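Remarks on the structure that follows.
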Amino acid sequence: MLLPIGDDNRDRHLTPIVNYLLIALNIFVFIYWQDFGHNIPFTFGYAAVPAEILSGHDIISAARIVTDPVTGASVQLPGLEPTPIPVFMTLFTSIFMHGGIAHIAGNMLYLWIFGDNLENAMGHLRYLIFYLLCGLLAGMSHVISAAYLNQSTLVPSLGASGAISGVLGGYIILYPRRGVHVWFFIGIITLPAFLVVGLWFVFQLINGMGMLGGNEAAGGIAYAAHIGGFIAGLLLIKLFHRKVVAVPQKKKLFW
């Protein structure tokens with residue numbers, strides 16, 4: 001198991017204010033509005049539901065029994081709650097909500113490690129737009145996957161994973177050989193980013209392929225959003241990366 005715990009930040013010159021604010025906002029929403037995931041009406045009201053995105057209309061449903069295609073276990077899924085905003089906006093609100101403490105802890109750890117480097121390379125505003133755009137495209141990837149791969153379109157999707165996947169996609173392009181410190185079984189080792197992030201993407205791809213033809217998201221994880229967000233980051237990073245132009249210095253004359 002490779003668990004990233006940090007990376008090489010010696011060349012960072014910009015305080016990652018936006019990244020800090022994104023982390024703080026995610027935590028605030030989870031604690032205050034979601035009540036640590038116990039506020040079902042809020043969570044299901046502002047989560048992205050593929051069927052609502054595809055139809056453009058709010059859907060309200062009763063609780064139902066769902067069988068996990070991986071474990072075979074049956075669980076009761078709460079019904080869909082009224083959405084007080086246009087359903088398309090849930091593609092953004094869902095980016096700032098999470099399903100549990102482990103979910104938000106893992107996402108914020110990755111955002112803390114990898115997000116500051118991209119903000120340093122892009123600047124504050126560009127990084128914010130990049131992050132939100134990757135989250136939007138990741139959400140749409142999940143919607144399209146659910147619609148065309150025989151998955152349920154009534155299962156709500158939430159979490160910053162898609163946007164953070166975009167951050168990882170951008171990171172591997174800009175810093176493929178940067179050292180990433182990972183916890184590996186009983187010790188800490190440093191590996192190049194292309195290996196750490198590459199293995200993460202392969203894991204997402206393998207699990208996502210295993211979902212094809214399923215009725216629900218495998219284990220409750222929308223792998224299509226992870227894959228779509230990562231690809232979005234790969235494709236968009238060059239548009240948002242600030243190119244630093246070196247200004248030639250005047251030669252000094254010595255007498």
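At a glance:
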| quantity | calculated |
| --- | --- |
| ³J(HN,Hα), Karplus 6.51/-1.76/1.60, whole Hz, each residue of segment 40-47, x for Gly, Pro | 5, x, 5, 4, 7, x, 10, 6 |
| Stokes-Einstein D for segment 2-240, Kirkwood Rh over Cα pairs, 25 °C, 0.890 mPa s (µm²/s) | 135 µm²/s |
| Mean Cβ neighbour count within 10 Å, used as a protection proxy, ranking 14-21, 150-157, 36-43 highest first | 150-157, 14-21, 36-43 |
| Efficiency of FRET from Cβ geometry, residue 206 and residue 183, R₀ 35 Å, rounded to 0.05 | 0.95 |
| Long-range amide H partners of residue 157 with built H, under 5 Å | 48, 49 |
| Inter-site label distance for residue 194 and residue 132 at 7 Å from Cα along Cβ, in nm | 3.4 nm |
| Residue-span extension gain [residue 147 to residue 57] - 0.36 nm each, minus C-alpha spacing | 30.8 nm |
| Linear extension gain, residue 15 paired with residue 31, 0.36 nm per residue minus alpha-carbon span | 3.2 nm |
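Bear in mind these aren't lab numbers, they're just calculated from the coordinates by the rules spelled out. Just so it is clear, the model here is predicted, and its values are computed rather than measured. In this analysis, Cβ positions are derived from the backbone assuming ideal geometry, glycine residues included, and neighbour counts consider all displayed protein chains.
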